[in-house]
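S.K.: Pasting a structure below so you can have a look.
Where a number appears in this text, it was derived from the coordinates with a stated rule and is not lab data. Remember, predicted model here, so these are calculated numbers, not experimental data. Backbone-built Cβ (ideal geometry, glycine too); neighbour counts: all protein chains shown.
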Amino acid sequence: MNSTKRLQVFLLITALLVSPNICRADITVALSKGFVNKVKDKATITTKFNIDKHHNSPNPIGGGSDDGDIHIAGRDNVVKLPMVAEIINGAKETSAMQFLLDSTAGDEVPLVGVWRLWFEHPGSEDQVQGGKVGVPKNTNPDHIFEFHPVVRFGDFDVLNSFGPIENEEAEFRGYSAEKAFGTYEKRPGTITKSKTAIMITSNKAGFNYAEFQMRLAGKPKDVGDGYMVFANVYNADAKKNDDPVVEEARRMVFVKGSKPADAVKDLKKGDKLHVLGIPRVNLNMVFAIADGLKADEEYSESLPYEMIIVAILKD
Amino acid sequence: MGLFNSTILEVVIGLVFVYLLLSIMCTAANEWVAALTRRRGETLRRGLAQLLSGQPIQGAEAPDALIRAFYDHPLISSMIHDKNHPTYLSPRNFSATLTDIITGEQQGRMAFAHVLEGVNALPEGEVKRSLLALLRRSDEDLDKARLAIEGWFNDAMDRVSGWYKRRTQVWTIVLAAVLTLVANADTIQITRKLWTDPVLRSAVVEEAKARAQKPRPTVSVEYENEDDPTNPTVTRNEGNQVSDKERQVLGQLIGWHSDWRQTWSWLTPLGWLLTILAISMGAPFWFDMLNKVMNVRFAGKSPDERAKTPEKTESTVRA
């Protein structure tokens, strides 16, 4: 081995050993089958939430992670996984914010929130539903499951937070449809099952918010706590004859009582909306895939997802 | 010929494959040691002792009277089989047992006043002070008192989880070191063998290819009731097993020579250290890495090789 080759090998070994810091490791979340079946076609979950750590003021509004959210880290008695609840447009929800500031660590409050399973902050350890959930050490601990957006916090209805994220100085905009959906479509996903559980494996995801135009592929379906509808995804400024950015229609989730839900409920096939949305794993598809697997089989392709619509935007 | 699709890439595949197999062995050894030392149960016992010891109860002045009464209570004793400490205790069971011991002979429906009376009647001790502090914050509400006691237990269990995690991490490093030394798994020596022996390298790459087709070493979970996600039983899947063929290939890369001086050099300790570091990263990491490196190799195949491969693979459903 000459000295150049030796150096190359040495550098490769070094790269391999420091790679945990630069590679995205896969993380598995295990959920009970009954739980998946129960929430797969629901927009929200109603639970009791233990407040452990919270922001004292909402995130600023601007670009990137300056999304105006209030983060509350805690534990809940339904999902039983490391958990964060996020109220969007935090600055507008002054009563809920004051209630949060008056709370003390360990307080348990009733909470309704859109469930969101997404590998945005997966950390480095597998997460098992019903396993031990430690007290979070900060407002954004490693978590795969979250309530985002929150719909009701304590006695406070925060449905008005479902709107453009803006203040007098700035407006938060999501990533373009092309950029965001390009990555959502390619998210790796592995699904396995046992007799009573479904295991989903993926790695850290980015591009949290997407701004896009959705054109309905059918009529919205009332699912009790919301509406769900399949829609084709276009860039926000797409013209009539432009191609969609995703080949197939994707499921869109609306929370009943929110402005986006009011806007969509009476629409019909072909109608369009300019929206801001965040992705979550489509547990309906996960459940169907797991149901079709034989024991010890594994599905390994892209991670099925759907979009939670948090705001209707002006054209 | 570029870096990718070269000897170097195959050496890297071989190294990653070796690290993966050693990590799987280390995980298995760690689980074996954990079962042997009853690590989980013992850590919980330590946590409970820290929480409840130093407290006498009425009619029993010994400092360990409360914890003895706790273990003698039917709700807890029913969980102890063959003197093995339970590995899990729910906050609800903890709070029910403790309040039952404190309220003693109290008949009928339990009220906040009964609990307060029971705690006040306890001889002086750390637990009494803690419980009184919790009860003062409960607005004379039994449910709030129960939740406060459960919260106190949960906080203690968070510490227990921290101990358990740290002990597991320490054991991982110890076992990685033992495995590395016993097997003489010297990264530098392995690299040298892979580099200089094309037949061996080719055999290792073939095995690595087969390994990449196996399921990722990961957890499988079962619940007693699929509608109730509590008390999960976590097991490891077949991706966590090393086959005989893999062991055979591994045997050609690691191990002690009858004349150990033949393989020893001043770089050997560094080679061991690199292996220990690699093993401690865990099997899932090296499995993902193996797939990534295999994909790089696949992307760099010669046109002849590529022609043999279907252009688009169907969704991968692996048995």
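S.K.: Relative to the Cα centre, what is the charge dipole magnitude of chain A, using +1 at the beta carbon of each Lys and Arg, -1 at the beta carbon of each Asp and Glu, and rounding to the nearest 20 debye?
M.R.: Its charge dipole is roughly 900 debye.
S.K.: Where does each of B:108-115, A:208-215 land if you order them by average Cβ count within 10 Å, highest first?
M.R.: Going from most to least packed, we get A:208-215, B:108-115.
S.K.: Over all directions, average the projected area of the Cα convex hull of the protein assembly as shown and note it in nm².
M.R.: Averaged projected hull area, Cα only: 35.0 nm².
S.K.: Next question. On the principal axes of its Cα set, how long, how wide and how thick is chain A? Give whole Å, largest value first.
M.R.: The Cα atoms of chain A stretch 70, 55, 48 Å along the principal axes, largest first.
S.K.: I've got another one for you. Going toward the positive end of the dipole of the protein assembly as shown, with +1 on Lys and Arg Cβ and -1 on Asp and Glu Cβ, which of B:53, B:258, B:229 do you reach last?
M.R.: The residue sitting most towards the positive pole is B:258.
S.K.: So, one more: Let me confirm one metric for peptide A:290-298, namely the mean number of other chain beta-carbon atoms within 10 Å of its residues' beta-carbons.
M.R.: Mean inter-chain Cβ contacts per residue within 10 Å come to 3.
S.K.: For a Förster distance of 22 Å, can you work out the FRET efficiency between the beta-carbons of residue B:159 and residue A:104, rounded to the nearest 0.05?
M.R.: 0.65
S.K.: Can you give me the distance in nm between label points at residue B:113 and residue B:209, each placed 7 Å from the Cα along the Cα-to-Cβ direction?
M.R.: 8.1 nm
S.K.: Next question. Using θ = phi - 60° and the Karplus relation 6.51 cos²θ - 1.76 cosθ + 1.60, list the HN-Hα couplings for segment B:43-49 in order, rounded to whole Hz, with x at every Gly or Pro.
M.R.: 5, 5, 4, 4, x, 5, 4
S.K.: When only alpha-carbon atoms count, how far does segment B:108-260 stretch along each of its three principal axes, as whole angstroms with the largest first?
M.R.: 80, 40, 21
S.K.: Enumerate the calculated ³J(HN,Hα) couplings along segment A:259-273 in order (Karplus 6.51 cos²θ - 1.76 cosθ + 1.60, θ = phi - 60°), each rounded to whole Hz, writing x wherever the residue is Gly or Pro.
M.R.: Per-residue couplings from phi come out as 4, x, 5, 4, 6, 9, 4, 9, 6, 10, 3, x, 5, 10, 9 Hz.
S.K.: How high is the FRET efficiency from residue A:186 to residue B:241, r the C-beta distance, R0 35 Å, rounded to 0.05?
M.R.: E(calc), rounded to 0.05, equals 0.65.
S.K.: Hey, for a label at residue B:60 modelled as a point 7 Å past Cα toward Cβ, could you say which residues of segment B:99-140 have their backbone N under 12 Å away?
M.R.: Counting backbone N atoms under 12 Å from the label point, the list is B:101-102.
S.K.: For peptide B:279-289, compute the average count of partner chain beta-carbon atoms within 10 Å of each residue's beta-carbon.
M.R.: Mean partner-chain Cβ count within 10 Å for B:279-289: 4.
S.K.: Now for a different question. Mind checking which lysines have their Cα closer than 19 Å to the Cα of residue B:245? Skip sequence neighbours fewer than 8 apart in that chain.
M.R.: B:193, B:209, B:214
S.K.: Report the full-extension gain for the segment residue B:263 to residue B:143: residue separation times 0.36 nm, less the Cα-Cα distance, to one decimal in nm.
M.R.: Going from the current span to full extension adds 36.4 nm.
S.K.: Charges only on Cβ, +1 for Lys and Arg, -1 for Asp and Glu: so what's the dipole of the protein assembly as shown about the Cα centre, in debye to the nearest 20?
M.R.: The calculation lands at about 1760 debye.
S.K.: Let me ask something else about it. Residue by residue through segment A:30-45, what is 3J(HN,Hα) from phi via Karplus (6.51 cos²θ - 1.76 cosθ + 1.60, θ = phi - 60°)? Round to whole Hz and write x for glycine and proline.
M.R.: 10, 10, 6, 4, x, 5, 4, 4, 6, 9, 4, 10, 10, 7, 10, 10
S.K.: Which whole number gives the average count of other chain Cβ atoms within 10 Å of the Cβ atoms across peptide A:125-133?
M.R.: Taking all residues of A:125-133 together, the mean is 5.
S.K.: A further question follows. Roughly how many nanometres apart are two label points built 7 Å out from the Cα toward the Cβ at residue A:302 and residue B:224?
M.R.: For the pair residue A:302/residue B:224, the computed spacing is 4.2 nm.
S.K.: Lysines within cross-link reach of residue A:219: Cα-Cα under 18 Å, excluding same-chain residues under 8 positions apart?
M.R.: A:42, A:256, A:259, A:265, A:268, A:269, A:272
S.K.: Taking 7 Å along the Cα-to-C-beta vector as the label spot, tell me the residue A:48-residue B:83 distance in nanometres, rounded to one decimal.
M.R.: 4.0 nm
S.K.: Is the shape of segment A:192-265 best called rounded, prolate or oblate, per the rule: a/c under 1.5 gives rounded, else a/b larger than b/c gives prolate, else oblate, with a ≥ b ≥ c the square roots of the Cα gyration tensor eigenvalues?
M.R.: oblate
S.K.: Quick one: which of B:190-200, A:271-281 comes out on top by average Cβ neighbours within 10 Å, and what's the full order, highest first?
M.R.: Highest mean packing first, the order is A:271-281, B:190-200.
S.K.: Which residues' amide hydrogens lie under 5 Å from the amide hydrogen of residue A:303, considering only partners 5 or more residues apart or on another chain, with H built in the peptide plane?
M.R.: Placed amide hydrogens put A:187, A:189 under 5 Å from residue A:303.
S.K.: Tell me, what is a quarter of the convex hull surface for the C-alpha atoms of segment A:175-312, in nm² with one decimal?
M.R.: Seen from a random direction, the Cα hull of segment A:175-312 projects 8.6 nm² on average.
S.K.: Give the Kirkwood hydrodynamic radius (Å, one decimal) of segment A:25-161, defined as one over the mean of 1/r across all pairs of different Cα atoms.
M.R.: Roughly 15.1 Å, rounded to one decimal.
S.K.: Can you bin every Cα-Cα distance in segment A:53-110 into 10 Å intervals starting at zero and give me the percent of pairs per bin, rounded to whole numbers?
M.R.: Reading upward from the zero bin: 22, 51, 24, 2.
S.K.: Give the long-range amide H neighbours of residue A:175: residues separated by 5 or more places, or on another chain, with amide H under 5 Å away, using H modelled in the peptide plane at 1.01 Å from N.
M.R.: So residue A:175 has HN proximity to A:209, A:210, A:211.
S.K.: I need two numbers for segment B:39-162: Rg to one decimal and Dmax as a whole number, Cα atoms only, in Å.
M.R.: 13.9, 42
S.K.: Over the Cα atoms of segment A:122-242, compute the convex hull volume and normalise it per residue, giving Å³.
M.R.: Normalising the Cα hull of segment A:122-242 by residue number yields 216 Å³.
S.K.: Once the Cα gyration tensor of chain B is diagonalised, what are the square roots of 5 times its eigenvalues, in whole Å and ordered largest first, as equivalent ellipsoid semi-axes?
M.R.: 56, 23, 15
S.K.: Inverting the mean 1/r over all pairs of different Cα atoms, compute the Kirkwood radius of segment B:1-95 and quote it in Å.
M.R.: That comes to 17.3 Å for segment B:1-95.
S.K.: Please name whichever of A:43, A:32, A:273 sits farthest to the positive end of the charge dipole of chain A, dipole taken about the Cα centre and charges placed at Cβ: Lys and Arg +1, Asp and Glu -1.
M.R.: The residue sitting farthest along the positive end of the dipole is A:32.
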